[in-house]
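The values are calculated or read from the model by the stated rules, or taken from the named source; none is laboratory data. Only a predicted model underlies this, so the values are computations on that prediction, with no experimental measurement involved. As a convention, Cβ positions derive from the backbone with ideal geometry for all residues, glycine included, and neighbour counts pool all protein chains shown. Surface accessibility is based on the protein's heavy atoms, side chains included, excluding ligands, DNA and RNA. Shrake-Rupley method; radii C 1.70, N 1.55, O 1.52, S 1.80 Å.
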Amino acid sequence: VAPLGAMAVTVVSLVQRAASSTANRQSEVLNNLIARHLEDSAYEDFAKSDDFRQTVTERGIQRWEHAHLIAALDTLNAYQRDRRCRSGSRGPSLRRQYTNDPRTRLVELLKRWLRTHAAASNINEEEVRRVSALCRDILNHAAMFPSRNPRSFMRTIAEVYEKLKWQLREVLGRDRSCAMLVDRAIMLSKNLLSDAISYLLLAPTEFKQTDTLPSLEAQSLWQALPDALRRGLDIRPEPALQKATAKVWSTHAGAIVAALLSNPWSVRFFRDRGGAADGKQLAVAGSPTSARPEPATLPELLDKARGDWARGDFKQSGLAGPLRAKDQDGARKSYLEAATCIADLAYLLGVVLTQFHRIGDGLGDYGVIRMADGLHLFLKALEDKVKELRVQMEQLNTAVVDSFVLARARGTSVPKPVPSERMLQRAHAAFDRAFDNRGDGHAQALLLTLEQLRARSAPDRLPALVDSLSDACLQLQAAFGSSEFLARVGDEHREEFAKLATHCGPRSFALVDTDEPPEILAATPAPPTVGPTEDAGPLHSVASSSEASLSPAALAVAPEGGRPRGADAAATPVAAAELRGPGACGGLAAETLHRRLRPQLVA
């Protein structure tokens, strides 16, 4: 009996050892695939963590936005439920091992991703593509995961992969509106300007006091500015940070950065989605209703720094020792030119681009397309300015790398004062985020988004857009008059809908006038254009150059209360009856959309 017992123990030991070896190989394969396909290290850490736990086999979310992702989550939950039942029928030991084996870890990782993204309103194409590629790569290792269950691990991964492919097609097919693209451009611009300002504050300077700053975003830097530079800022200051960085703002470089942060356009741009979130008129320099900032604050600072640096006076420069050398005149010039580009971009983005966003929000793609001439000209100027900033920042970064990083690596002494290690690390991270040459930087992403916006707002899209909207209106008319619709709305509203469909002809629902073609708009008197205004900024006058576009004045959004401004206010009251279709049927007679909107939207 003893020998048989010993043999049984030996066999069990061999089986456990083989199972452990297989599990180790499976874990190694899955961990390598996860590290290869998923950029977020949190998922890799989750798959390897010791405190791993299997979650419930329910959805775990109240509502979903993406049907294919929720279906993939249900597939994984069904696999775990089926596996748990089968394992439970074979004894408690096998059931326990399924709570922490490589298959379960991967399934839980996918479930975590799906639960996060199935309920998200917007999902990134690249993320879906990466998870899909992970599942596809796992299918190449079928021999590593054998199974005799009808709902096997590989079959489940294959089903999830199919659903992810459908989700990817849906993401790629989703049509972005012009307002969405402008919103993305504003978001990327905030990231770009924030990192560019951070770089100017850290990399070429001696400001070791910045190591005490917990964050270098605009909202945090505002708290450290002295009270004299906090005009228009309603963010509570931090006295400790103000005291620690007081010497920074008294230098040339520090004062330039402070001016970039505190000018009214930057404040509005970083504070409330570019200054257009509340719908109020922007405080544009030169407008009679705005509080004009102190004249030429930033140009004066730049001229003062340029003159002192040209004379070799660096006592109040704030620059690090290596950038004070005579042979670094090019780097100093790049610093000043980069600051100028940032100020120009803050104006163009915070004062002008946000107004296109308001037009897109209010009138949709139609309104933006009607502004195509002015928008495309503006986008070209904006792209040139972004490219100029990238050139100046790259030249400055080259000087910083040669003077600090490479000099230290070669063992060469670096003239003092020098930035701290933390300053150089934070500056390098900021530059890499903003101008990464691999195509992931904010600047490259912004240029791509502007190109997409140009294509999306092309005037060629206008006929197709009008046809699509007209078809939708006509389909509504047909639905309102159908017996199926009238039978379902209830007795209370049936008579009203029947009257609407009967007495209002197709003109009530069409966007194109069948009697008066759109070309009649060419004879419509043009609205007053905005003339040149002193100090009104780079876009002081934009006029329509074709019949397919309206001038900014024609689409200018009315101020608070929604009423027109100026002399046209009394002549063009916004009457409710004017916005009703023929027969007072309650729908906008869209064949006169252009002529009715034009006088009411004149600023």
Exercise. Filter region 202-215 for residues that are surrounded by 14 or more Cβ atoms within 10 Å (Cβ to Cβ) and of a type outside the set (Gly, Ala, Ser) and give the result.
Key: Leu202, Pro204, Thr205, Glu206, Phe207, Lys208, Gln209, Thr210, Asp211, Leu213
Quiz item: What single numbered condition from (1) of a type in the set (A, V, I, L, M); (2) under 18 Å from Gly330 (Cα atoms); (3) open to solvent by less than 20 Å² (accessible area, probe 1.4 Å) fails to hold for Leu375?
Solution: (2)
Quiz item: Among (1) farther than 29 Å from Gly321 by Cβ; (2) open to solvent by 40 Å² or more (accessible area, probe 1.4 Å), where does Arg230 come up short?
Solution: (2)
Quiz item: Of these, Asp384, Asp361, which one is acidic (Asp, Glu), free of Cβ contacts under 8 Å to residues at least 24 places away in the same chain and assigned to a helix (DSSP H, G or I)?
Solution: Asp384
Exercise. Sort out which residues of region 310-320 are open to solvent by 10 Å² or more (accessible area, probe 1.4 Å) and under 22 Å from Pro419 (Cβ atoms), and write them in order of number.
Key: Gly312, Asp313, Phe314, Lys315, Gln316
Exercise. Return only the number of the condition from (1) outside any helix (DSSP H, G or I); (2) open to solvent by less than 50 Å² (accessible area, probe 1.4 Å) that Asp440 does not satisfy.
Key: (2)
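What residue, of Ala120, Ala133, Ala143, is at pLDDT below 90 and open to solvent by less than 80 Å² (accessible area, probe 1.4 Å)?
Ala120
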Quiz item: Applying the selection to region 458-486, what residues are open to solvent by 70 Å² or more (accessible area, probe 1.4 Å) and part of a loop (DSSP other than H, G, I, E, B)?
Solution: Asp460
Quiz item: Name the residues in region 197-225 that are within 21 Å of Ser317 (Cβ to Cβ), under 25 Å from the mean Cα position of the chain (by Cα) and not in a helix (DSSP H, G or I), would you?
Solution: Leu216
Quiz item: Out of curiosity, is Ala455 open to solvent by less than 40 Å² (accessible area, probe 1.4 Å) and under 24 Å from the mean Cα position of the chain (by Cα)?
Solution: no
Quiz item: Which condition number does Gln316 fail, the rest of (1) assigned to a helix (DSSP H, G or I); (2) in contact (Cβ under 8 Å) with a residue 12 or more places away in the chain being met?
Solution: (1)
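Give Ala218, Ala253 a once-over and let me know the one that is in contact with a helix residue (DSSP H, G or I) (Cβ under 9 Å, 6 or more places away or on another chain), touching a residue at least 60 places away in the same chain (Cβ under 8 Å), among the small types (Gly, Ala, Ser) and open to solvent by less than 10 Å² (accessible area, probe 1.4 Å). It would help to see each step written out before you state the result.
Details: Ala218 fails: touching a residue at least 60 places away in the same chain (Cβ under 8 Å).
Result of the check over Ala218, Ala253: Ala253.
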Practice problem: Scan region 181-201 for residues that are surrounded by fewer than 24 Cβ atoms within 10 Å (Cβ to Cβ) and either of a type in the set (Lys, Arg) or in contact with a Gly (Cβ under 8 Å, 6 or more places away or on another chain) (or both) and jot them down. | Solution: Arg184, Ile186, Lys190
Exercise. Check off (1) charged (D, E, K, R); (2) within 31 Å of the chain's Cα centre (by Cα); (3) closer than 20 Å to Arg426 by Cα for Asp234 and give me the number that stays unchecked.
Key: (3)
Quiz item: What number goes with the only condition from (1) farther than 30 Å from Leu181 by Cα; (2) modelled with pLDDT under 90 that Leu73 does not pass?
Solution: (2)
Quiz item: Within region 324-335, which residues are surrounded by fewer than 24 Cβ atoms within 10 Å (Cβ to Cβ), in contact (Cβ under 8 Å) with a residue 40 or more places away in the chain and assigned to a helix (DSSP H, G or I)?
Solution: Arg324, Gln328, Gly330, Ala331, Ser334
Quiz item: Which ones in region 405-448 are in contact with a helix residue (DSSP H, G or I) (Cβ under 6 Å, 6 or more places away or on another chain) and of a type in the set (Ser, Thr, Tyr)?
Solution: Ser420
